[in-house]
Each structure stands twice: as structure tokens, then as C-alpha cells.
Amino acid sequence: MPISDQHTLSPRQRQLLAAVVETYVQTCAPVGSKMLAGNSLDVSPATIRNDMAELEAAGLLTQPHTSAGRLPTAAGYRYYIERALGSYRMTATERRALQAVPASDPRQTVKTMAKALAELSESCVVVGFSPHDVYYTGIANLFAQPEFRDYQFGFSMTEVIDHLDEVMERLFMLTTGNDDVQILIGERNPFGENCSALLTRFLGAGEPGLMGVLGPLRMRYARNRELLFHTCRAVSA
């Protein structure tokens with residue numbers, strides 16, 4: 001069931017949740033009421049605190065410490081993606097970086113594009129030419145993110161990478177054959193509940209494949225969704 005079916009938020013609460021998500025994505029720091037009052041939202045800090053408490057009770061925000069601001073939960077990110085995620089217009093520089101350069105080996109073209117996508121998205125990019133033929137790039141980008149500096153979390157991610165064949169087999173079953181980008185978050189994500197994965201299919205050398213952007217929950221979803229979509233269209237052309 002979509003998270004939007006489980007919680008009914010007022011327009012102001014939806015705006016507040018979006019502001020918390022977008023601010024946290026930029027700062028990677030708990031978001032407080034004073035940070036948003038008069039900036040993203042034209043209401044008082046007290047009103048924001050009350051709404052934050054309700055969003056926390058609904059499981060959409062969490063407070064790491066009693067004196068700290070709030071962070072989005074996986075459910076909060078899902079609500080944001082389903083109800084508030086906007087579009088992104090790629091820059092000319094991004095389009096040039098993701099312009100496919102044909103190679104004698106079509107697989108090499110896909111790998112080159114995956115590397116460019118990993119650099120632009122500052123994430124890990126995984127390519128499945130088939131469920132048991134997997135290529136990945138950008139692991140250093142993944143572990144450069146603050147969330148991945150925790151030893152236990154980093155260790156769990158290395159275990160997932162060691163079993164990519166099994167994960168990709170599940171992802172091939174989860175994704176459809178069209179070119180829509182699917183976003184998997186939290187417990188819905190085979191890569192782990194603390195990660196997000198953006199996935200879509202592509203057609204390379206006449207064979208269907210799967211490409212995904214893997215990163216923390218704190219991700220620029222609209223931008224990375226558009227970058228991934230553009231990359232897969234380029235390699236499928």
C-alpha cells in the first residue's frame with residue numbers, strides 16, 4: 001500500500017515534510033524549526049515544531065536526539081517521492097557528459113556511460129546485462145557519503161556487493177520492461193533498508209538490461225532519476 005494511503009497530511013504538513021527532506025538532502029544535518037521558519041515556510045517556529053511532532057508520530061520524521069532537529073524516515077522519503085517529488089531539468093553540461101560515444105563493443109559503451117552517470121550522481125551505478133552478468137562502478141562515491149562511514153553499515157554494504165548476482169536476480173523480477181524509473185527505499189530495497197535504489201531497463205546491443213543508481217536514503221531523487229532515465233535512453237538509441 002502506498003504510504004500516501006496510510007497518512008492524511010494537511011497541505012502545510014506536506015510542504016513541511018518536503019522542506020525537511022530537501023533541506024536534509026542539502027545539509028546532511030538534522031533540520032530544526034528555526035531553520036525553516038521564514039525561509040521555506042511562512043509560519044512560526046512553534047507551529048513548525050507542532051507539525052514536526054505530528055509527522056514524527058506518523059512515522060515520517062525521526063529525532064535522533066531530544067535537542068536535535070528532525071530527519072526523514074524511509075516512510076517519509078517514500079511519501080515525499082509519491083506526493084511531492086518534482087521534475088528536474090538537466091543542464092547542458094550534464095547532457096554533454098551523458099552523450100553516448102559508440103564503441104566497437106556495445107557493452108563497453110554501456111560501461112562508459114555508467115561511469116559518467118556514477119560521477120555525475122556521486123553514487124554507485126550497477127548494470128545488469130543479465131541477472132548473472134553484472135558490472136558496477138562508483139563504489140568510492142558510495143562510501144564517500146557521510147552515511148556510509150559507519151563501520152557496521154559499510155560492512156553490510158560490502159556483503160551486498162559480494163552477492164550482487166543474487167540481488168540483481170531479484171531486481172530483474174521486480175522491474176518492468178518499460179523505461180520508467182522505479183525507486184526502491186528502505187525494506188523494499190534488496191540492497192538494504194538504509195539505501196535507496198533507482199532502477200530502470202535499457203536495451204543494449206538488442207539485449208534487455210537493467211541499470212540502477214545506488215546511494216543513501218539522502219539522495220537528490222529528481223535529479224538522479226532524470227540522469228538515469230537519460231543515460232538509459234542514450235545507450236538504448
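Once the range 175-195 is narrowed to residues that are in contact with a helix residue (DSSP H, G or I) (Cβ under 7 Å, 6 or more places away or on another chain) and touching a residue at least 40 places away in the same chain (Cβ under 8 Å), the residue that is nearest to SER87 (Cα to Cα) is VAL181. Checking each residue of the range 214-236 against the condition of being of a type outside the set (Lys, Arg) and free of Cβ contacts under 8 Å to residues at least 40 places away in the same chain gives no match. Restricting attention to the range 196-228, the residues being assigned to a strand (DSSP E or B) and either in contact with a His (Cβ under 8 Å, 6 or more places away or on another chain) or over 23 Å from TYR80 (Cβ atoms) (or both) number 9. For ASP162, the conditions (1) surrounded by fewer than 16 Cβ atoms within 10 Å (Cβ to Cβ); (2) in contact (Cβ under 8 Å) with a residue 12 or more places away in the chain; (3) not aliphatic (A, V, I, L, M) are fulfilled apart from (2).
In the range 32-73, of all residues being assigned to a strand (DSSP E or B) and closer than 18 Å to ALA84 by Cα, the one that is modelled with the lowest pLDDT corresponds to LEU41. For the range 103-115, the condition holds for no residue, the condition being that it is outside the structural domain of GLY206 (by TED's automatic domain parsing), of a type in the set (A, V, I, L, M, F, W, C), more than 21 Å from the chain's Cα centre (by Cα) and exposed (fewer than 15 other Cβ atoms within 10 Å of the Cβ). Considering the range 96-110 alone, what residues qualify as being over 12 Å from LEU203 (Cα atoms), modelled with pLDDT of 90 or more and hydrophobic (A, V, I, L, M, F, W, C)? Answer for the range 96-110, where residues must be over 12 Å from LEU203 (Cα atoms), modelled with pLDDT of 90 or more and hydrophobic (A, V, I, L, M, F, W, C): ALA97, LEU98.
Checked against (1) over 17 Å from MET219 (Cβ atoms); (2) in contact with a strand residue (DSSP E or B) (Cβ under 6 Å, 6 or more places away or on another chain), ALA53 passes all but condition (2). Scanning the range 120-140 for residues that are assigned to a helix (DSSP H, G or I) and in contact with a helix residue (DSSP H, G or I) (Cβ under 6 Å, 6 or more places away or on another chain) returns LEU120, SER121. Selection within the range 116-142: residues that are under 13 Å from LEU227 (Cβ atoms) and among the hydrophobic types (A, V, I, L, M, F, W, C). The member of this set that is surrounded by the most Cβ atoms within 10 Å (Cβ to Cβ) is VAL125.
The values are calculated or read from the model by the stated rules, or taken from the named source; none is laboratory data. Keep in mind the model is a prediction, meaning the values are calculated, not measured. For neighbour counting, all protein chains shown are included, and Cβ atoms are generated from backbone atoms with ideal geometry for every residue, glycine included.
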